[in-house]
Amino acid sequence: MSTLLQARGLTHAVGQRTLFANLSFTVAVGARVALVGHNGCGKTTLLDFLAGVRTPDDGEIVARRGLVVGWVEQFLPPTTARQSVVDAVLGALPAGPTPGRWRAEALLQELGFAAAAFELRAGELSGGQQNRLMFARAVIAQPDLLLLDEPTNHLDLATLRVFESYFARYKGGIVLVSHDRAFLDAVSDTTWFLRDGAIHCFDAPFSAARLALAEADE
């Protein structure tokens with residue numbers, strides 16, 4: 001598989017505490033990566049580096065030319081909450097020619113929205129619908145790499161199934177942080193354990209990788 005990005009020697013500290021040191025890994029096209037670890041180990045920080053919104057203290061991330069990264073928000077921005085559902089999706093596109101309302105509506109329908117919901121204010125949606133909307137905002141630009149930080153928090157079963165179905169068809173790479181073991185097993189084929197400042201990579205879904213890590217520890 002071709003490479004989307006490669007991390008080389010990532011090192012980062014918060015104050016006097018080193019979150020991780022000398023991390024190196026590759027994300028390939030079509031990869032389904034579960035990123036797991038205890039709270040505070042640096043998972044969200046690492047996603048920030050992959051998204052390019054922050055830079056590590058040392059090391060580098062080399063991305064494929066023209067790489068488009070989609071980031072699934074955890075909360076709707078206040079300005080977005082006041083927009084209509086369709087406008088909230090179109091507003092996530094970069095400045096320039098837009099693909100047209102039809103594409104946003106088609107994506108929303110694919111994610112389980114009825115046409116009657118298109119003109120509702122985004123802030124009026126249920127929690128599950130808002131999660132779907134934030135997902136739509138991340139994928140409308142057809143990203144090569146999709147980053148998700150705890151997308152299953154407060155998620156209803158119907159939305160979980162929508163996400164699983166979309167991931168099955170998605171051609172790009174995914175790096176996903178979640179504490180939902182069943183969801184990780186359903187969508188991942190690779191697992192990274194971020195632990196004690198290091199990363200342990202296994203070419204297996206979460207449960208199988210966890211057993212492999214336990215065997216390696218023994």
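The values are calculated or read from the model by the stated rules, or taken from the named source; none is laboratory data. Because the structure is predicted, anything quoted here is derived from the model rather than measured. Here Cβ is always computed from backbone atoms with ideal geometry, including for glycine, and neighbour counts include all displayed protein chains. Calculation scope for accessible area: heavy atoms of the full protein, side chains included, ligands and nucleic acids excluded. Shrake-Rupley method; radii C 1.70, N 1.55, O 1.52, S 1.80 Å.
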Once label points are set 7 Å from the Cα along Cα→Cβ at both V68 and A214, what is their separation, rounded to one decimal in nm? 4.2
Using just the alpha carbons, could you tell me how many Å³ per residue the convex hull of the chain encloses? 131
Enumerate the whole-percent occupancy of each 10 Å bin, from 0 to the last occupied one, for all C-alpha pair distances of region 38-104. 15, 36, 31, 16, 1
Distance from the Cα centre of region 146-218 to that of region 17-84, in angstrom? 14
Please compute the per residue accessible area over the chain with all protein chains in place, 1.4 Å probe, rounded to a whole number of Å². 50
Its Cα gyration tensor gives region 3-68 an equivalent ellipsoid whose semi-axes in whole Å, largest first, are 21, 14, 10
Selection from V62, V36, L90, by position along the positive dipole direction of region 1-157 (Cβ): V62
What is the mean projected area of the alpha carbon convex hull for region 95-218, to one decimal in square nanometres? 9.5
On C-alpha positions alone, give me the angle between the axis of helix 206-217 and the longest principal axis of the chain, in degrees, nearest 10. 10
Can you work out the PRE-style zone for R169? Point 7 Å along Cα to Cβ, and I want the residues of region 105-122 with backbone N under 15 Å. 105-114
What's the long-distance tail for region 50-89, i.e. % of Cα pairs beyond 14 Å? 63
Who wins for biggest fluctuation among L47, L148, L76 in a Gaussian network model of the chain, springs between alpha carbons below 10 Å? L76
Starting from the Cα-Cα distance between Q109 and V53, subtract it from 0.36 nm times their residue separation and give me the gain in nm to one decimal. 17.1 nm
Applying a 10 Å radius around every beta-carbon, put 8-17, 82-91 in order of their mean neighbour count, most first. 82-91, 8-17
Let me have the relative contact order for region 63-218, percent, based on Cα pairs under 8 Å that are six or more residues apart. 23
Sum -39500 (n - 2.57) across every DSSP H segment of at least 4 residues in the chain, then divide by the residue count to get the 222 nm mean residue ellipticity, nearest 500. -9500 deg cm²/dmol
Along its three principal axes, how long is region 1-124 when you only count alpha carbons? Whole Å, largest extent first please. 50, 34, 26
Springs between alpha-carbon pairs under 10 angstrom, Gaussian network model over the chain: which of L50, L23, L67 fluctuates most? L67
Is the C-alpha gyration tensor of region 149-215 telling us rounded, prolate or oblate? Criteria: a/c under 1.5 is rounded; beyond that, a/b larger than b/c is prolate, otherwise oblate. prolate
Relative contact order for region 49-132 using alpha-carbon pairs under 8 Å, separation at least 6, rounded to a whole percent? 32
